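S.K.: Structure below; questions to follow.
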Amino acid sequence: MKKFIGFIKKEFYHIFRDRRSLFILFGMPIAQIMLFGFAITNEINNVNVVVLDLSKDVSTNTIVNKISASSYFTVTQLLESQNEVESIFKKGKVKAVIVFEKDFDQQMRNAGIAKIQLLTDATDPNTANTINNYITSITQNYAKEINQDIQLPFQIVPESRMVFNPEIKSVFMFVPGVMTIILMLVSAMMTSISITKEKELGTMEILLVSPLKPYQVIIGKVIPYVFLSIINALVIILLSIFIFKMPVQGSFFLLGLESVLFIITSLSLGILISTMSKTQQTAMMISLMGLMLPVILLSGFIFPINSMPLPLQVISNIIPAKWFIIIIKGVMLKGVGLLYLWKETLILLGMTVFFILLSIRKYKIRLE
Amino acid sequence: MSVRDENIIEVEGLTKAFGDFKAVNEISFVVKRGEIFGFLGANGAGKTTAMKMLIGISTPTSGKAKVAGFDVFTSAEDIKKNIGYMSQKFALYDDLTVRENITFFGGIYGLKRQQIKNKSNQLIEELGLEDVKNQLVGSLPLGWKQKISFSVAMLHEPKIVFLDEPTGGVDPITRRQFWEMIYKAADEGTTIFVTTHYMDEAEYCNRVSIMVNGKIEALDTPQKLKEQFKADNMNDVFLKLARG
Amino acid sequence: MSISVRNISKSFKKVQALDQISFEVAQGELFGLIGPDGAGKTTLFRILTTLLVADEGSASVFGFDVIDGMNDIRNSVGYMPGKFSLYQDLTVEENLTFFATIFDTTVAENYHLIEDIYVQIEPFKNRRAGALSGGMKQKLALCCALIHQPKVLFLDEPTTGVDPVSRKEFWEMLKRLQQKGITILVSTPYMDEAALCDRIALIQDGKILDINSPEEIVAKHQHVIYDVKASNPHQLISLLKAYPTAHSVYPFGEYVHYTDQSGEFKQEDLHAYLAHNGLKEIVIQPTPATIEDAFMELAN
């Protein structure tokens, strides 16, 4: 046991002396959360739009005023002719052009139908979509306003309420994703690098020719990173609670336990990677390409799994991160307990056991 | 003697300081054309720093030095064109074949396509590489690599070749073949500048200098140094010098 | 027998690293494996320290078989790999303490073993190992390999890349350790270090050329060796090689070592031949053979 503690002590020396890695280790979670929380967002704010009003009557004026009064849009210019539309898009400063047809008000009152043409710059499809929705809702509100007195014979009014994230804050979506990525990265990449480093420097040779058992070397390597990852998970959760006012509806204790489980899953993946690579560089490449990309793309973090083609949906099942994201969203936003998450938890547990068994099989007690 | 009475390297009071620390401290010496000059010293004595200045990749702090007639302060680029360089650490690309290596280095030394072709055929024949010319260099024994990389450093017929610990770890016979190549080059008028901390390597040189803590503490023929220090071999000379 | 190697062979892909190697090292012996890079020295060390498994043959260290007794060997031997293998980001003292701890001992317990060596690096005990000079790194590595009082010490090229002063000190340390009863197997590419061993195995291309005491190996050398020197070494070598009765011609420092195949060789004849071909300042004198001469004779 003294041997083992001595080994862990050495590991902490390595970690605390490598200032740069340490900075990345603890700076990264904060930077990522801030980045996703503030900068990258699905909401739109003060988007520049221009208006081509061919009618210039009361109705169009009211609508334009409503648009520019909202915090979403800034009307930067009023165009005079259709010809200007293309050139103004090319300049790139404007995201949407709103065109009112001739005699807008008259058409509405006489024919009962008036047309607005909405042109959006779809080089950024997400924003274009959102602009579309917002403008539509503004015009519909207006239509409702002027129709107040008239009772339509049949009417379906959808009254939607967003549950679990009533304000549709995108940060609620990103926090679980970022937490997953960071735990994966720290646990898998850092452990695999730290093990392969010993191989590369030749110190693994000396460790093998010593009374230390190979499993002690591996566990000794892993334990410091369990600590660091738990600290990281805590930092992320605290940041999201206090800065982004994200709720933890469910049990804080369960959230902690599930995080520890996922950390161990990632660590076992890290060990597996280290058994397959000889150099730190390979370990890093495998971790980045083999873990990071699937986590970002296939875990449901950014792209909804339901809208992926079937083969990708199937593949997404083998990504541990997918299950962990379901779990944290469940605990934090829905407030559900193990009763609803036992399946996901069991899957993570199974994966961990599988990775560990595979690592043991592949682990070499000798050199090649 | 193949050594000509013509100075090809002239160094006077050459100094390189890093802050307060003088890695090279006012060294002075000359090397004659066709001479095999051994530049010895322990690890950290300043050999590498001094050589970097001579091959034009590091600017001296003070002093004077001319290599192949060019000033190290003002004409570093001309120096690079007129010298060859071979180091044990980096010599050839392991993932290129013998022929590809020759072609590549010929190219960076500015040889013409036809020249490269002639040279590489000649080199392959002289070193007996016909069977392995299309093999990756990484698969060849160390001794062969060292011989090839010496020949590659000589491709553009430089006036001086700088060798940085060229034969470490090579088997005794191949090592002799390597020195025979060096003797041949020297006989044809190429100046050889060898830095090493292998003392037996020193005994092959016409003259050797021994650097201790940034200064040249001894400079003469191996024989005279042995007489001066009453030693049997250069190893003992070095031990006596280093232990003061 | 402390170490016993029987018909060990090992190959990697196309390369035969070791070919039917056998030798024995007695307890308390300082045994040298002498050979160039790529001779198979490191592979042999790795087989004996249980890091590799031989394709054929068997080996044992202090009676423990390298396969069945893997854990016993790992618990008891001291090993210093060829590449500097300590933690560069730990200090001298931390490295030493670490290696003591993983062998279930303390620095204080075995300090007597390393004292002579450690006092030389003690002034730098708070310096990171990565910032030490080559000679000091080797001393620290030796301390770390010794700290658990091993009965056998495996040193793979401990003096490669180290300056002559440190090399000399290192061998003096080995001699002192040997007096404490430790069996030492050491490899080196430097032929001049062979003379410092009790017995040596000359090894090249995975084969043992000869095993004997250094004196015996030199004494067995058949030919009289002549130191030859002249004004132009390049011409001298070419001329000597062309001499009708030449057996071997090797540059050897400031001289060329020449051996002749005929029984009636006369120095004057050779002198006349060289002078006739335009060489000046000719010196010819008999010289005692060295390990390196023996090695080249055997390898050829």
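The values are calculated or read from the model by the stated rules, or taken from the named source; none is laboratory data. The structure presented is a predicted model; accordingly, all values stated were derived computationally and were not measured. Here the Cβ is made from the backbone with ideal geometry for all residues, glycine too, and neighbour counts use every protein chain on show. SASA here: full protein model, heavy atoms, side chains in, ligands and nucleic acids out. Shrake-Rupley method; radii C 1.70, N 1.55, O 1.52, S 1.80 Å.
S.K.: For the structure I just gave you, tell me whether C:Gln149 is in the same structural domain as C:Phe99 (by TED's automatic domain parsing), assigned to a loop (DSSP other than H, G, I, E, B) and closer than 28 Å to C:Gly28 by Cα. Quick ask: steps written out before the conclusion?
M.R.: Working: in the same structural domain as C:Phe99 (by TED's automatic domain parsing): yes; assigned to a loop (DSSP other than H, G, I, E, B): yes; closer than 28 Å to C:Gly28 by Cα: yes.
Yes: the conditions hold for C:Gln149.
S.K.: In the stretch B:182-197, what residues are crowded, with 20+ Cβ neighbours inside 10 Å and either closer than 23 Å to C:Leu279 by Cβ or at the interface with chain C (Cβ under 10 Å from one of its Cβ atoms) (or both)?
M.R.: The first filter runs over the stretch B:182-197 and keeps only residues crowded, with 20+ Cβ neighbours inside 10 Å, leaving B:182-183, B:185-186, B:190-197.
Scanning the stretch B:182-197 gives B:Ile182, B:Tyr183, B:Ala185, B:Ala186, B:Thr190, B:Thr191, B:Ile192, B:His197.
S.K.: Next up: Just need a number here: residues in the stretch B:149-170 that are within 9 Å of another protein chain (Cβ to nearest Cβ) and crowded, with 23+ Cβ neighbours inside 10 Å. Write out each step before concluding.
M.R.: So in the stretch B:149-170, the residues within 9 Å of another protein chain (Cβ to nearest Cβ) come out as B:165, B:168-170.
Going one step further and asking which of them are crowded, with 23+ Cβ neighbours inside 10 Å, we end up with B:170.
The number of residues fulfilling the criteria is 1.
S.K.: To continue, here is another question. Could you check the stretch C:184-293 for strands (runs of 3 or more DSSP E) lying wholly inside it with 1 or more residues that are surrounded by fewer than 16 Cβ atoms within 10 Å (Cβ to Cβ) and of a type in the set (S, T, N, Q)? Working first, answer last.
M.R.: On the way: elements: C:199-204, C:207-212, C:225-229, C:246-252, C:255-260, C:283-287.
Once the strands (runs of 3 or more DSSP E) in the stretch C:184-293 are filtered for at least 1 residues that are surrounded by fewer than 16 Cβ atoms within 10 Å (Cβ to Cβ) and of a type in the set (S, T, N, Q), what remains is C:207-212, C:283-287.
S.K.: Which one of these does A:Met332 not meet: (1) assigned to a helix (DSSP H, G or I); (2) within 30 Å of A:Thr196 (Cβ to Cβ); (3) modelled with pLDDT under 90?
M.R.: Condition not satisfied by A:Met332: (2).
S.K.: Continuing with this model, one more query. Identify, from the list C:Phe170, C:Phe154, the residue that is within 14 Å of chain B (Cβ to nearest Cβ), touching a residue at least 12 places away in the same chain (Cβ under 8 Å) and of a type in the set (Phe, Trp, Tyr).
M.R.: On the way: C:Phe154 fails: within 14 Å of chain B (Cβ to nearest Cβ).
Selected residue: C:Phe170, the only one of C:Phe170, C:Phe154 that is within 14 Å of chain B (Cβ to nearest Cβ), touching a residue at least 12 places away in the same chain (Cβ under 8 Å) and of a type in the set (Phe, Trp, Tyr).
S.K.: Please give the number of the condition C:Leu113 fails out of (1) assigned to a helix (DSSP H, G or I); (2) within 13 Å of another protein chain (Cβ to nearest Cβ); (3) buried (at least 16 other Cβ atoms within 10 Å of the Cβ).
M.R.: (2)
S.K.: Still on this structure, I have one more. Can you name every residue in the stretch A:335-366 that is over 30 Å from C:Leu51 (Cα atoms), in a helix (DSSP H, G or I) and among the small types (Gly, Ala, Ser)? Walk me through it before giving the result.
M.R.: Taking the stretch A:335-366 first, the residues over 30 Å from C:Leu51 (Cα atoms) are A:335-351.
Applying the additional criterion that residues be in a helix (DSSP H, G or I) yields A:338-351.
Within the stretch A:335-366, just A:Gly350 meets the criteria.
S.K.: Conditions first: (1) touching a helix residue (DSSP H, G or I) at 6+ places or on another chain (Cβ under 9 Å); (2) assigned to a loop (DSSP other than H, G, I, E, B); (3) crowded, with 21+ Cβ neighbours inside 10 Å. C:Gly38 passes all but one, so which condition is the exception?
M.R.: Unmet condition: (3).
S.K.: Of the residues in the stretch A:135-144, how many are within 14 Å of A:Ala69 (Cβ to Cβ) and open to solvent by 60 Å² or more (accessible area, probe 1.4 Å)?
M.R.: Residues that pass the stated criteria total 1.
S.K.: For the stretch A:340-351, how many residues meet the condition of being open to solvent by 60 Å² or more (accessible area, probe 1.4 Å) and either of a type in the set (Phe, Trp, Tyr) or closer than 17 Å to A:Ser259 by Cβ (or both)? Spell out how you get there, then give the answer.
M.R.: Taking the stretch A:340-351 and keeping what is open to solvent by 60 Å² or more (accessible area, probe 1.4 Å), we get A:340, A:342-343, A:346, A:349.
In the following step, the residues that additionally are either of a type in the set (Phe, Trp, Tyr) or closer than 17 Å to A:Ser259 by Cβ (or both) were identified as A:340, A:342, A:346, A:349.
Counting residues in the stretch A:340-351 that are open to solvent by 60 Å² or more (accessible area, probe 1.4 Å) and either of a type in the set (Phe, Trp, Tyr) or closer than 17 Å to A:Ser259 by Cβ (or both) gives 4.
S.K.: Which residues, counting only those in the stretch C:81-104, are open to solvent by 10 Å² or more (accessible area, probe 1.4 Å), more than 8 Å from every other protein chain (Cβ to nearest Cβ) and of a type in the set (Val, Ile, Thr)?
M.R.: Passing the criteria: only C:Thr91.
S.K.: Inspect the stretch A:352-368 for any residue being open to solvent by less than 40 Å² (accessible area, probe 1.4 Å), more than 14 Å from chain C (Cβ to nearest Cβ) and of a type in the set (A, V, I, L, M) and give the result as yes or no. Give the steps one after another, and end with the answer.
M.R.: The initial filter retains those residues of the stretch A:352-368 that are open to solvent by less than 40 Å² (accessible area, probe 1.4 Å), namely A:352, A:355, A:359.
Narrowing further to those that are more than 14 Å from chain C (Cβ to nearest Cβ): A:352, A:355, A:359.
From the residues that got through so far, the ones that are of a type in the set (A, V, I, L, M) too are none.
No: the stretch A:352-368 contains no residue that is open to solvent by less than 40 Å² (accessible area, probe 1.4 Å), more than 14 Å from chain C (Cβ to nearest Cβ) and of a type in the set (A, V, I, L, M).
S.K.: Go through the stretch A:270-290 and give me each residue that's within 17 Å of A:Pro320 (Cβ to Cβ) and open to solvent by 20 Å² or more (accessible area, probe 1.4 Å).
M.R.: A:Ile271, A:Ile286, A:Leu288, A:Met289, A:Gly290
S.K.: Criterion first (under 30 Å from A:Thr203 (Cα atoms) and not aromatic (Phe, Trp, Tyr)) does C:Val162 satisfy it? Before you say what the answer is, go through the steps one by one.
M.R.: Details: under 30 Å from A:Thr203 (Cα atoms): yes; not aromatic (Phe, Trp, Tyr): yes.
Spelling it out, C:Val162 is indeed under 30 Å from A:Thr203 (Cα atoms) and not aromatic (Phe, Trp, Tyr).
S.K.: If you take the residues in the stretch A:298-314 that are in a helix (DSSP H, G or I) and surrounded by 16 or more Cβ atoms within 10 Å (Cβ to Cβ), which one is farthest from the chain's Cα centre (by Cα)?
M.R.: First, the residues of the stretch A:298-314 that are in a helix (DSSP H, G or I): A:298, A:305-307, A:310-314.
Narrowing further to those that are surrounded by 16 or more Cβ atoms within 10 Å (Cβ to Cβ): A:298, A:305.
Details: A:Leu298: 11, A:Ile305: 13 Å.
The residue in question is A:Ile305.
S.K.: For the structure I just gave you, tell me whether C:Ala17 is in contact with a helix residue (DSSP H, G or I) (Cβ under 9 Å, 6 or more places away or on another chain), crowded, with 20+ Cβ neighbours inside 10 Å and touching a residue at least 60 places away in the same chain (Cβ under 8 Å).
M.R.: Values: in contact with a helix residue (DSSP H, G or I) (Cβ under 9 Å, 6 or more places away or on another chain): yes; crowded, with 20+ Cβ neighbours inside 10 Å: yes; touching a residue at least 60 places away in the same chain (Cβ under 8 Å): yes.
Yes.
S.K.: Just the residues that are among the basic types (Lys, Arg), closer than 18 Å to A:Pro125 by Cα and part of a loop (DSSP other than H, G, I, E, B), please, taken from the stretch A:88-106.
M.R.: Listed by number, the residues that qualify are A:Lys93, A:Lys95.
S.K.: Out of A:Val50, A:Val85, report the one residue that is in a helix (DSSP H, G or I) and open to solvent by less than 20 Å² (accessible area, probe 1.4 Å). Step through it out loud before you land on a result.
M.R.: Numbers: A:Val50 fails: in a helix (DSSP H, G or I).
None of the others qualify; the one that does is A:Val85.
S.K.: Which one is nearest to the other protein chains (Cβ to nearest Cβ) among residues in the stretch B:226-239 that are farther than 16 Å from B:His197 by Cα and in a helix (DSSP H, G or I)? Talk me through it step by step, then tell me what you get.
M.R.: Applying the first criterion (farther than 16 Å from B:His197 by Cα) to the stretch B:226-239 yields B:226-232.
Going one step further and asking which of them are in a helix (DSSP H, G or I), we end up with B:226-228.
Working: B:Lys226: 9, B:Glu227: 13, B:Gln228: 15 Å.
The qualifying residue nearest to the other protein chains (Cβ to nearest Cβ) is B:Lys226.
S.K.: Let me ask another. Which residue, of C:Ile203, C:Ile237, C:Ile217, is in contact (Cβ under 8 Å) with a residue 60 or more places away in the chain and within 12 Å of another protein chain (Cβ to nearest Cβ)? Reasoning before the result, please.
M.R.: On the way: C:Ile237 fails: in contact (Cβ under 8 Å) with a residue 60 or more places away in the chain; C:Ile217 fails: within 12 Å of another protein chain (Cβ to nearest Cβ).
Matching residue, one of C:Ile203, C:Ile237, C:Ile217: C:Ile203.
S.K.: So if I check each of A:Ser21, A:Ser70, which one is touching a residue at least 60 places away in the same chain (Cβ under 8 Å), closer than 30 Å to A:Met173 by Cβ and within 14 Å of another protein chain (Cβ to nearest Cβ)?
M.R.: On the way: A:Ser70 fails: within 14 Å of another protein chain (Cβ to nearest Cβ).
On inspection, the qualifying residue turns out to be A:Ser21.
S.K.: Would you confirm whether or not the stretch A:197-212 contains a residue that is within 14 Å of chain C (Cβ to nearest Cβ), acidic (Asp, Glu) and open to solvent by 30 Å² or more (accessible area, probe 1.4 Å)?
M.R.: Step one: list which residues in the stretch A:197-212 are within 14 Å of chain C (Cβ to nearest Cβ), which gives A:197-212.
Now narrow it down to the ones that are acidic (Asp, Glu): A:198, A:200, A:205.
Next, from what is left, pick out any that are open to solvent by 30 Å² or more (accessible area, probe 1.4 Å): A:200.
Within the stretch A:197-212, one or more residues are within 14 Å of chain C (Cβ to nearest Cβ), acidic (Asp, Glu) and open to solvent by 30 Å² or more (accessible area, probe 1.4 Å).
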